[in-house]
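Participant: Provided herewith is a single structure, encoded as structure tokens, for subsequent inquiry.
The values are calculated or read from the model by the stated rules, or taken from the named source; none is laboratory data. A quick note: this is a predicted structure, and the numbers were derived from the prediction, not measured. In this analysis, Cβ positions are derived from the backbone assuming ideal geometry, glycine residues included, and neighbour counts consider all displayed protein chains. These area figures cover heavy atoms from the full protein model, side chains too; ligands, DNA and RNA do not enter into them. Shrake-Rupley method; radii C 1.70, N 1.55, O 1.52, S 1.80 Å.
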Amino acid sequence: MIVFKYIFWFLYRIWFYILVALPIIIMFPLLILSILKESWYPFFFKLARIWARFILIGMGFKTKTIKEQYPEKNKSYMFIANHTSMADIMLMLVTVKNPFVFVGKAELAKIPLFGFFYKRTCILVDRNSPKSRQAVFLRAQKRLKQGLSVCIFPEGLVPEEHILLTDFKDGAFRLAINHQIPIVPITFGDNKERFSYTFFSGSPGKMRVKIHKFIKTEGLTKEDAKNINEQSRAVIYNQLLAFGSK
């Protein structure tokens with residue numbers, strides 16, 4: 001029986017990469033057109049949501065979203081979530097309708113085909129370089145001034161399998177305070193089980209999402225970043241415990 005499981009997991013991973021590449025190939029002319037101007041990013045975002053939905057459906061993932069508060073159209077936010085899975089990017093795109101820009105690790109730009117668009121539309125960060133982190137801050141500021149939102153996985157790196165949630169970095173919270181935009185904590189309840197970074201793992205099934213009440217930043221200063229960091233982490237951590245008990 002274990003042999004069949006390993007065969008399934010191997011084929012399941014290959015199928016995932018096929019699903020990632022296929023819609024990019026099909027929509028390639030439109031994707032190229034959508035990245036020619038920064039002002040056309042909302043059109044690219046719509047195509048990215050189609051891409052993400054295609055992958056989740058193809059993998060047999062059934063999403064269920066609970067919303068305590070709804071993001072308003074044409075308003076900027078700082079979206080944050082726990083990070084455990086290769087499917088986190090897709091689930092975030094499907095969950096949030098407001099056009100946002102990912103802040104993500106530069107290594108993903110090396111992925112064939114996907115990386116071509118990733119490095120042209122996302123804000124890449126080399127976490128070992130203080131200079132890179134400062135450049136990220138400036139680029140994110142620019143995108144927020146254009147009326148877009150930003151999405152950051154504040155754990156920084158994907159934690160080891162046995163860790164429920166690691167400490168958050170302060171960058172997302174300092175940026176939100178600097179622009180006085182709401183922070184939107186989002187909890188992904190099942191992504192680690194569905195499709196973690198462990199190669200021989202994963203299965204079709206539910207993907208629970210909870211969009212929590214927004215955390216306001218009006219009137220806050222950079223000295224408040226650590227407090228709202230801890231507040232945001234507590235919200236997501238407690239929800240992960242609640243998801244785990246069901």
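Participant: Using modelled amide H (1.01 Å from N, peptide plane; none on Pro or chain starts), what sits under 5 Å from the amide H of Val101, excluding residues fewer than 5 places away?
Facilitator: Ser149, Val150, Cys151
Participant: Is the C-alpha gyration tensor of segment 56-166 telling us rounded, prolate or oblate? Criteria: a/c under 1.5 is rounded; beyond that, a/b larger than b/c is prolate, otherwise oblate.
Facilitator: It is rounded, given that a/c, with a ≥ b ≥ c, falls under 1.5.
Participant: Further question on the same structure: For the peptides 61-73, 210-222, what is the packing order when you average, over each peptide's residues, the other Cβ atoms within 10 Å and list the highest mean first?
Facilitator: Highest mean packing first, the order is 210-222, 61-73.
Participant: Could I ask something else about it? With θ set to phi - 60°, apply the Karplus curve 6.51 cos²θ - 1.76 cosθ + 1.60 along segment 72-78 and write out the HN-Hα couplings as whole Hz, x wherever there is a Gly or Pro.
Facilitator: 7, 5, 6, 10, 8, 9, 10
Participant: Which ³J(HN,Hα) values in Hz, rounded to whole numbers, follow from the phi angles of segment 164-178 under the Karplus curve 6.51 cos²θ - 1.76 cosθ + 1.60, where θ = phi - 60° and Gly and Pro get x?
Facilitator: Once rounded to whole Hz, the list reads 6, 7, 8, 5, 8, 6, 8, x, 4, 6, 5, 5, 5, 5, 4.
Participant: Of the cross-linked pairs Lys46/Lys222; Lys37/Lys75; Lys64/Lys145, which ones have a Cα-Cα span greater than 30 Å in the structure shown?
Facilitator: Distance filter (> 30 Å) returns Lys46/Lys222; Lys64/Lys145.
Participant: Rounded to the nearest percent, how much of the accessible area of segment 10-95 (1.4 Å probe, protein heavy atoms only) is carbon and sulfur?
Facilitator: Summing carbon and sulfur atoms, their accessible area is 68 percent of the total for segment 10-95.
Participant: Note down the net charge around Asn98, summing +1 for each Lys or Arg and -1 for each Asp or Glu among other residues with Cβ under 9 Å from its Cβ.
Facilitator: Surrounding charge for Asn98 is +2.
Participant: Taking amide hydrogens as modeled 1.01 Å from N in the peptide plane, which residues meet the under 5 Å criterion relative to Thr63, leaving out close sequence neighbours?
Facilitator: It is Met207, by chain and number.
Participant: Taking Cα centroids, how far is segment 161-201 from segment 6-61 in Å?
Facilitator: Measuring centre to centre over Cα atoms gives 21 Å.
Participant: Right, here's the next one. In nm, to one decimal, how far is the modelled label at Leu164 from the one at Glu193, with both set 7 Å along Cα→Cβ?
Facilitator: So the label points at Leu164 and Glu193 sit 1.5 nm apart.
Participant: To continue, here is another question. Label segment 1-94 by shape, choosing from rounded, prolate and oblate, from the square roots a ≥ b ≥ c of the eigenvalues of the Cα gyration tensor; if a/c is under 1.5 it is rounded, and otherwise prolate applies when a/b is larger than b/c, oblate when it is not.
Facilitator: oblate
Participant: Using r as the Cβ-Cβ distance of Glu223 and Leu138, and R0 as 22 Å, what FRET efficiency do you calculate, to the nearest 0.05?
Facilitator: So the FRET efficiency works out to roughly 0.55.
Participant: Then there is this: How much accessible area per residue does segment 105-209 have, in Å², with a 1.4 Å probe?
Facilitator: 48 Å²
Participant: Here is a follow-up. Read phi for every residue in segment 187-199 and hand back ³J(HN,Hα) as whole Hz from Karplus 6.51 cos²θ - 1.76 cosθ + 1.60, θ = phi - 60°, with x for Gly and Pro.
Facilitator: Here the 3J(HN,Hα) series is 10, 9, x, 10, 5, 5, 6, 5, 6, 7, 7, 6, 4 Hz.
Participant: What fraction of the DSSP beta bridges in the chain is antiparallel, stated in percent and rounded to the nearest 5?
Facilitator: Here the antiparallel bridges make up roughly 20 percent for the chain.
Participant: May I pose another question? With Rg and Dmax of the Cα atoms in Å defined as stated, name the option among [x] 19.4, 60; [y] 17.7, 59; [z] 24.0, 74 computed from the structure displayed.
Facilitator: So the calculated entry is the one marked [y].
Participant: Assuming R0 = 25 Å, what is the FRET efficiency of Lys213 and Ile50, from their Cβ-Cβ distance, to the nearest 0.05?
Facilitator: In this case the efficiency is close to 0.30.
Participant: May I ask which of Lys97/Lys226; Lys169/Lys216; Lys73/Lys210 have a Cα-Cα span longer than 26 Å here?
Facilitator: Lys97/Lys226
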